[in-house]
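Undergrad: The following block contains the structure, expressed as C-alpha cells.
Nothing in this text is a laboratory measurement; each read-out follows from the coordinates by a stated rule. The structure presented is a predicted model; accordingly, all values stated were derived computationally and were not measured. Counting neighbours? That spans all protein chains shown, and the Cβs are built from the backbone with ideal geometry, glycine included.
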Amino acid sequence: MDSSQFFGIASIAYILAMVAYIAYLAFKNSVVGVIATTITVVGFISHTIAFILRWKEFYEIGQMGILRAIPLTNLYESLIFFVWCVILAYLIIEWKYKNRSFGAFITPIAGMALAFIDISGMDKNIHPLIPALQSNWLLAHVTMSFLSYAAFAISFATSMMYLIITTEDKKSAPYIFWTIALGVFVSVFLAMGIDFLVFKVAMSSPESFIKSYLFKATYRNSSGAVSLVSYVGTAAFIFVIWKYGYLLRNVITSFSISQDLLDDLTYKSVAVGFPIFTLGGLIFGAVWADQAWGRYWSWDPKETWSLVTWFVYAFYLHARFLRGWRGRRIAVVAVVGFVCTVFTYLGVNLLLSGLHSYGGG
Amino acid sequence: MSGDEKNKGIVERIWDLFSSIKLAVVVFTIISATSIVGTVIEQQAEPERNIKLLAKFVGVDFAPTAFRILDTLGFTDMFRSWWFMALLFIFTANLVICSFERLPKIWKLVKEPVKPVTAERLNALSIKREIILKEKVDKAAEHAGAVLKRNGFRAGERKEDNGVQLYAEKGRYSRLGVYITHLSILLILGGAVIGMVFGFNGSLNLPEGMSSVVAYKSSGMQIPLGFEVRCDNFNVSFYDNTDTPKSYKSWLTILESGKEVKGKVIDVNNPLQYKGITFYQASYGYAPTRNSIFKFSVTSNAGTRGEVNVKFGEPFTIPGTAVTGKVIDFSPAIGMDESGKLYTYAEMMNNPAAFVEFSENGKMKYRQWILVRLPQTWKVADGTVEFKHLWGAQYTGLQVRRDPGVWLVYLGCMVMAMGLYTAFFMGHSRIWIWVRDDKGGAKVTIAASVNKNKISFEHKVDKIAKEIGSKK
C-alpha cells in the first residue's frame with residue numbers, strides 16, 4: 001500500500017467519525033462516544049502512517065538525509081500536515097477536557113479537506129529539494145510553524161463559536177463582524193475550491209496555476225457577468241448568514257458547549273500556538289535565513305506578515321492580562337489573528353513575491 | 001525655578017505618554033499597517049515594476065504620480081527609511097518604559113516569599129481539599145511535610161493554637177517570564193542596531209579563476225575586505241535528467257598577501273567565514289569569454305588516457321593516435337525539439353554541450369555533440385572524450401556580510417525562548433496545609449493558589465491530598 005491509500009482511509013474515517021459524533025450528541029450514549037473517538041484515532045493513525053510512508057518515498061527518491069526528506073515542501077503536503085495537526089490538537093482537547101462536543105465540527109472539516117486535496121488534482125508528485133531548502137532547519141522550522149498554525153486555527157474556531165453564541169442583536173457590531181468574517185472566509189475557500197475543480201485538467205505546476213487562475217472561475221472571471229454573479233452571490237451569502245445566524249447559535253448551544261469553555265480554549269490555543277510560532281516560525285526561521293541567505297531578517301513579505309501575526313497575538317495576550325479583556329472583544333482579536341495567519345500561510349505565496357515561494361509550489 | 005518645574009512637567013508628560021498602553025497599540029498598528037503596504041510594494045525594485053503594480057490599483061494614468069508620492073514618502077525602501085526606524089525606536093522606548101512602570105509591583109511579589117495565612121484567607125482560596133486522619137497532629141504534620149517535599153515543595157512550619165500550618169511555594173521567579181521576554185526583544189533590536197552601524201551587507205560576483213579584495217554595496221560602493229578571495233571553481237549540479245538544481249557549489253580560497261590561508265567549498269546552507277566576514281552562496285551567472293577553458297578527459301581505444309584543457313577552437317590530440325579534435329560550437333543548455341532539431345533552451349549552463357570536430361592528417365573525419373551530463377555522447381569513433389567542465393565561463397554570486405551584532409541577536413533569541421517558556425508554561429504555585437486537632441485525630445486542610453495552568457495544578461493538589469490521606 002502506498003501513502004495515498006492511507007490518506008483515503010483517513011478521509012473516510014474522519015467523515016464516519018463525524019456521523020458517530022453527531023449520533024453521540026443526539027443520544028448521549030457513552031458507547032457511541034467511544035466509537036466516535038476510536039474511529040477518529042484510526043483515521044489519525046492511518047493519516048500518520050501515510051505521512052511516514054510519503055516521508056520514506058521522498059527519502060528514497062530525494063538522495064538526501066532523512067531529516068531533510070520531510071514531506072513538507074509544497075502546498076499539497078503542507079495542507080495534509082496542517083489537517084494532521086488540527087486532528088492532533090482536537091484529540092488532545094477531547095482527552096484533556098473530556099468533552100466530545102467539538103468532534104462533530106472538526107472531523108467533517110478534516111475529512112472534506114483531505115478528500116478535496118485528493119480530488120482537486122493538486123500536484124502530488126514528489127519533487128527533490130532545491131538547494132535553499134537543503135538544511136536540517138527545514139524540519140524544525142516548518143513543522144513548528146504548522147503546529148502553531150493549527151493551534152491558531154483552533155483558537156479561530158472557538159472564538160468564532162464564542163461570537164456566534166453570545167451575540168443576539170443583529171445590529172450590534174460583534175454580530176455583524178462575525179457574520180461578515182464567516183461569510184468572507186467560506187466564500188473565499190469555496191471560490192478557491194471552484195478554481196481547483198474548474199481548471200483541474202490544465203494544471204501542471206500548482207504555483208503557476210494559482211498565480212494565473214486564482215479566482216478566475218469566479219470573481220476574476222473574464223466574463224463580466226460571471227464575475228458580477230460571484231460578487232452578488234457572496235453578498236447574498238453573507239446576508240443569509242446575517243439573517244439566519246441565530247440558527248447557527250442554536251446548533252452550537254445544542255451541542256452543550258459553554259461560553260467559558262470556548263473562551264478558555266481560545267486562550268489555551270493561543271498560549272500554546274504563540275510560543276511555538278515565536279520559536280519555530282520566527283526564531284528558527286531567522287537562524288536558518290542567517291545561514292542560507294546571510295541575513296536573519298530581510299523584511300521579505302512572509303517574514304513581515306509573520307511579524308504582523310505575531311503582533312496581533314501579542315496584543316491578544318497583553319489585552320487579556322493587562323487590561324483583563326474577556327469575552328467578545330478578545331474573541332474578535334483572535335479572529336483577526338487567524339486572518340493574518342491565513343494570509344501569512346497562503347496569501348503571501350499566492351499574491352506577493354518574495355524569497356519564500358516554496359509553500360505555493 | 002518655574003522653568004524648572006515646567007521642564008519637569010514636559011519630561012513627566014513624555015514619560016506618561018511612553019508608559020501608556022494606548023501608545024503601544026497605536027505604534028503596533030502603524031508598524032503593522034505600513035509593513036503590510038511594504039509587502040505589497042516591491043522593495044528596492046525597479047520603478048517600472050511598482051508603477052505597473054500601482055496601475056492595477058489606481059489606473060495607468062495616475063500610477064506614475066502615485067509612485068512618485070510613495071517613493072518620496074520612502075515606501076519603496078521603507079524598511080530602511082528614517083520614519084520606520086523611528087517607529088521601531090518609539091516601540092522600543094514604549095516597551096522599556098511600560099515594563100519599567102510595572103516592574104516594582106511584580107518585583108515585590110517576586111521578592112516576597114510565601115507566608116502563613118489566616119484562617120479567613122485560607123478559606124477564601126479557590127483550590128481546597130480536606131482530609132481527616134487518625135494520627136495525632138504532630139505526626140500528621142510531619143507526614144504532610146514529607147509528602148510536600150516529595151512533590152518538590154520545601155515547606156515552612158508555624159505552630160498555632162490548636163495545630164500546625166505548613167506553607168510552601170514553587171516557581172516564584174516565573175513571574176519574571178514576561179520581563180525576560182521583553183528584555184530579549186531589546187537584545188535582538190540592540191544586535192540589529194550594532195549590525196547596521198558596524199557591519200555591512202554587500203555582494204560580489206566572482207568569475208572562476210578571478211579574485212577580489214573588495215565587495216560591493218547595493219549602491220555600488222566598494223568595501224575593502226582586508227584580504228583577497230578567489231573563486232577556483234563553480235558548479236551547479238542537477239537531479240538526474242531534470243533541470244531541478246541539486247546544489248550550487250563554489251570553491252573559494254582566501255589569500256593574505258598572495259599566500260593561500262584558507263579554502264572551502266561553500267554551498268547554499270554552508271557559508272565560508274574568515275575574519276568576521278562571511279561569504280554566502282547567493283546566485284550565479286553565465287558569462288563565457290574567449291579564454292574559457294574546456295576540460296576534457298580523453299582516452300584512446302587502446303586505453304591511453306590524457307587530461308586536456310583547451311580554449312574554443314584550439315586543437316587537442318587523442319593520446320596515442322593522430323586524431324585531433326577542436327571545439328567549433330558550444331551551447332550552455334542544449335535541447336532537442338520534436339523534429340530532432342537542436343536548440344539552446346536556457347541562458348545558464350544547465351546542460352552544457354560542445355560540438356567537436358575530429359580530424360586526422362588535416363582531413364575532417366566526423367563531428368559530434370558531447371554533453372557534460374550525458375555520458376552516452378562521450379564515445380567517439382577513436383576513443384572516449386569525457387566533457388568535464390567549461391571552466392571560466394561562470395561566475396559565482398556571493399553575498400558578503402559582516403555583522404558584529406549577530407551574536408547578540410542569537411543571545412536574544414535564546415533568552416526569548418527561555419522567557420516564553422517561563423511565561424507560558426511555568427506558574428507560581430503556593431500551597432498551605434493546616435493541620436488541626438480533631439477529636440484526637442487530625443483535620444488536614446489543603447489550600448492552594450496558582451497564577452497559571454490552574455487545571456494541571458489542581459491535579460497536582462489532588463495527588464498531594466491523596467498521598468497525605470493514604471498511609472505510608
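Undergrad: For the stretch B:68-117, just run the numbers: alpha carbon Rg, then divide by 2.2 N^0.38 Å, N being how many residues it has. Each step should come with its number before you reach the end.
TA: Values: Rg = 20.6 Å, N = 50, 2.2 N^0.38 = 9.7 Å.
Cα-based Rg divided by the globular estimate yields 2.12.
Undergrad: May I pose another question? Show log10 I(q)/I(0) for the stretch A:96-189 at q = 0.16, 0.18, 0.19, 0.23 Å⁻¹, two decimals, from a solvent-free Debye sum over equal Cα scatterers.
TA: Per q value, in the given order, log10 I(q)/I(0) is -0.97, -1.10, -1.15, -1.29.
Undergrad: In square nanometres, what is the average projected area of the Cα convex hull of the stretch A:122-176?
TA: Working: hull surface 26.3 nm².
So the Cα hull casts an average projection of 6.6 nm².
Undergrad: Here's a follow-up. Once the cut-off is 23 Å, how many percent of the Cα-Cα pairs in the stretch B:23-145 end up in the long-distance tail? Each step should come with its number before you reach the end.
TA: On the way: 4661 of 7503 pairs.
Of all Cα-Cα pairs in the stretch B:23-145, 62 percent lie more than 23 Å apart.
Undergrad: Here's something else I'd like to know. Using the alpha-carbon centroid of each, what span in Å lies between the stretch B:323-368 and the stretch B:200-277?
TA: Comparing the Cα centres of the stretch B:323-368 and the stretch B:200-277, I get a distance of 31 Å.
Undergrad: Work out from phi, with θ = phi - 60° and the Karplus expression 6.51 cos²θ - 1.76 cosθ + 1.60, the ³J(HN,Hα) of each residue of the stretch B:348-356, listed in order in whole Hz, and give x for Gly and Pro.
TA: Coupling constants for the stretch B:348-356: 9, 7, 6, 8, x, 9, 10, 9, 10 Hz.
Undergrad: What Kirkwood Rh does the stretch A:32-101 have if only Cα atoms enter the pairwise 1/r average? Answer in Å. Let's see the in-between values first.
TA: On the way: mean 1/r = 0.0740 Å⁻¹.
One decimal place: 13.5 Å for the Kirkwood radius.
Undergrad: Taking only the C-alpha atoms, wrap a convex hull around the stretch B:23-70 and report its volume per residue in Å³ as a whole number. Present the calculation step by step, with values, prior to reporting the outcome.
TA: On the way: hull volume 3.8 nm³, N = 48.
Here the figure is 79 Å³ per residue.
Undergrad: Can you tell me the length gained on complete extension of the stretch residue B:29 to residue B:85, counting 0.36 nm per residue apart and subtracting the Cα distance?
TA: Length difference between fully extended and current span is 18.6 nm.
Undergrad: Measuring from label point to label point, each 7 Å out along Cα→Cβ, what is the residue B:217 to residue B:291 span in nm?
TA: Result for the modelled spin labels: 3.1 nm.
Undergrad: How far is helix B:406-425 tilted off the main Cα axis of chain B, in degrees rounded to 10, range 0 to 90?
TA: Value to nearest ten degrees: 40.
Undergrad: Can you order the peptides B:169-179, A:295-305 by their average number of other Cβ atoms within 10 Å per residue, highest first?
TA: Values: B:169-179: 18.5, A:295-305: 22.0.
Sorting B:169-179, A:295-305 by mean packing, highest first, produces A:295-305, B:169-179.
Undergrad: What GluC sites (Glu not before Pro) in the stretch B:325-431 are in a loop by DSSP, with at most 13 other Cβ atoms within 10 Å of the Cβ? Before the final figure, lay out each step's value.
TA: Working: sites: B:338, B:347, B:357, B:360, B:386; in loops: B:338, B:347.
Of the GluC sites (Glu not before Pro), the ones in loops of the stretch B:325-431 whose Cβ has at most 13 other Cβ atoms within 10 Å are B:338, B:347.
Undergrad: Additional query: Calculate one ³J(HN,Hα) per residue across the stretch A:75-83 by plugging θ = phi - 60° into the Karplus curve 6.51 cos²θ - 1.76 cosθ + 1.60, and present them in order as whole Hz with x for glycine and proline.
TA: Per residue, the Karplus-derived 3J(HN,Hα) values read 4, 4, 5, 5, 5, 4, 5, 4, 4 Hz.
Undergrad: Related question: When only alpha-carbon atoms count, how far does the stretch B:204-275 stretch along each of its three principal axes, as whole angstroms with the largest first?
TA: Result, largest extent first: 43, 30, 21 Å.
Undergrad: Right, another one. How large is ³J(HN,Hα), in whole Hz, for each residue of the stretch B:139-149 in order, when computed from phi with the Karplus curve 6.51 cos²θ - 1.76 cosθ + 1.60 and θ = phi - 60°, using x for Gly and Pro?
TA: Using θ = phi - 60°, the values come out as 4, 4, 5, 5, 4, 4, x, 5, 4, 4, 4 Hz.
Undergrad: Once all Cα-Cα distances of chain A are split into 10 Å bins that start at 0, what whole-number percent is in each one?
TA: Bin by bin from 0 Å, the calculated values are 5, 22, 33, 28, 11, 1, 0.
Undergrad: I want to make sure I understand the PRE zone here: with the label point 7 angstrom from the Cα of residue B:232 toward its beta carbon, which residues in the stretch B:259-280 have backbone N atoms less than 14 Å away?
TA: From the stretch B:259-280, the list is B:259-266.
Undergrad: Taking every residue in B:77-84, how many Cβ atoms of other protein chains lie within 10 Å of its Cβ, on average? Walk me through the numbers on the way to the answer.
TA: Values: counts 0, 1, 4, 1, 0, 0, 0, 1.
Mean number of neighbouring Cβ atoms from other chains: 1.
Undergrad: Okay, moving on. In whole percent, what relative contact order does the stretch B:129-226 give with Cα contacts below 8 Å and a gap of six or more residues?
TA: Working: 63 pairs, mean separation 12.6, N = 98.
This gives 13 percent for the stretch B:129-226.
Undergrad: With only Lys, Arg, Asp and Glu charged, each at its Cβ (+1 for the first two, -1 for the last two), find how big the charge dipole of chain B is about the Cα centre; round to the nearest 20 debye. Don't jump to the answer; show the numbers that get you there.
TA: Details: 61 positive and 45 negative charges, 495 e Å.
In debye, rounded to 20, chain B gives about 2380.
Undergrad: Where does helix A:301-322 land angle-wise versus the long Cα axis of chain A, in degrees 0 to 90, nearest 10?
TA: Helix A:301-322 and the main axis of chain A meet at about 30 degrees.
Undergrad: Seen from all sides and averaged, what is the projected area of the convex hull of the Cα atoms in the stretch B:318-421, in nm²? Mind showing how you got there, number by number?
TA: Working: hull surface 53.3 nm².
The orientation-averaged projected area of the Cα hull of the stretch B:318-421 comes to 13.3 nm².
Undergrad: Decide, for the stretch A:208-316, between rounded, prolate and oblate: order the square roots of the alpha carbon gyration tensor eigenvalues as a ≥ b ≥ c, take rounded if a/c falls under 1.5, and otherwise choose prolate if a/b is larger than b/c, else oblate. The partial results should precede the final answer.
TA: Numbers: a/c = 3.69, a/b = 1.20, b/c = 3.08.
Judged from the Cα gyration tensor, the stretch A:208-316 comes out oblate (a/c at least 1.5, b/c at or above a/b).
Undergrad: For chain B, how big is the tail of P(r) above 38 Å, as a whole percent of Cα pairs? Please list the in-between numbers first.
TA: Values: 65523 of 111156 pairs.
Counting every Cα pair in chain B, those more than 38 Å apart make up 59 percent.
Undergrad: Just in the stretch B:233-297: which trypsin sites (Lys or Arg not before Pro) are loop by DSSP and have at most 16 other Cβ atoms within 10 Å? Walk me through the intermediate numbers first.
TA: Numbers: sites: B:246, B:249, B:259, B:262, B:264, B:275, B:290, B:295; in loops: B:275, B:290.
The qualifying sites are B:275, B:290.
Undergrad: Around residue B:199, under 9 Å between beta carbons, what's the net of Lys plus Arg minus Asp minus Glu among the other residues? It would help to have the intermediate numbers written out before the result.
TA: Details: positive: B:401, B:402; negative: B:403.
Every neighbour counted, the sum reads +1.
Undergrad: Angle, helix B:454-469 long axis vs. longest principal axis of chain B, Cα atoms, 0 to 90°, nearest 10?
TA: 50
Undergrad: Can you compute log10 of I(q)/I(0) for the protein assembly as shown with the Debye formula, treating each Cα as one identical point scatterer, at q = 0.08 Å⁻¹?
TA: Debye curve over Cα of the protein assembly as shown, log10 I(q)/I(0) at q = 0.08 Å⁻¹: -0.91.
Undergrad: Let me understand the stretch B:81-172 better: what is its radius of gyration from the alpha carbons, and its Dmax, in angstrom?
TA: Computed over the Cα atoms of the stretch B:81-172, radius of gyration and Dmax are 22.3, 75 Å.
Undergrad: Another one. For labels at residue A:221 and residue A:185 in the simple 7 Å Cα→Cβ model, what's the distance in nm?
TA: Going by the 7 Å Cα→Cβ label model, 2.7 nm.
Undergrad: Zone of residue A:98 (label point 7 Å along Cα→Cβ, backbone N under 13 Å): which residues in the stretch B:442-470?
TA: Residues passing the 13 Å test: B:459.
Undergrad: How many nm is it between the label spots at residue B:154 and residue B:363, if each spot is 7 Å from the Cα in line with the beta carbon?
TA: 10.2
Undergrad: So who's got an amide H within less than 5 Å of the one on residue A:221, skipping anything under 5 residues away but keeping other chains? H placed 1.01 Å off N, in plane.
TA: So residue A:221 has HN proximity to A:227.
Undergrad: Moving on to the next point. Using a Debye calculation, one point per C-alpha and no hydration shell, please list log10 I(q)/I(0) for the stretch B:135-245 at q = 0.22 Å⁻¹ in order.
TA: Values returned for q = 0.22 Å⁻¹ are -1.15.
Undergrad: Still on this structure: Can you tell me the length gained on complete extension of the stretch residue B:251 to residue B:112, counting 0.36 nm per residue apart and subtracting the Cα distance?
TA: Working: separation 139, 0.36 × 139 = 50.04 nm, distance 6.10 nm.
Additional length available on full extension: 43.9 nm.
Undergrad: In debye to the nearest 20, how big a dipole does the protein assembly as shown give about its Cα centre with +1 on each Lys and Arg Cβ and -1 on each Asp and Glu Cβ? The partial results should precede the final answer.
TA: On the way: 85 positive and 62 negative charges, 576 e Å.
Here the protein assembly as shown has a charge dipole of around 2760 debye.
Undergrad: Under 5 Å between amide hydrogens, which residues at least 5 positions from residue B:323 or on another chain qualify, with H placed 1.01 Å from N in the peptide plane?
TA: Excluding prolines and chain starts, which carry no amide H, the hits are B:318.
Undergrad: Evaluate E = 1/(1 + (r/R0)^6) for residue B:77 and residue B:46, where r is the Cβ-Cβ distance and R0 equals 22 Å; express this FRET efficiency to the nearest 0.05.
TA: Working: r = 13 Å, r/R0 = 0.57.
Plugging the Cβ-Cβ distance into 1/(1 + (r/R0)^6) gives 0.95.
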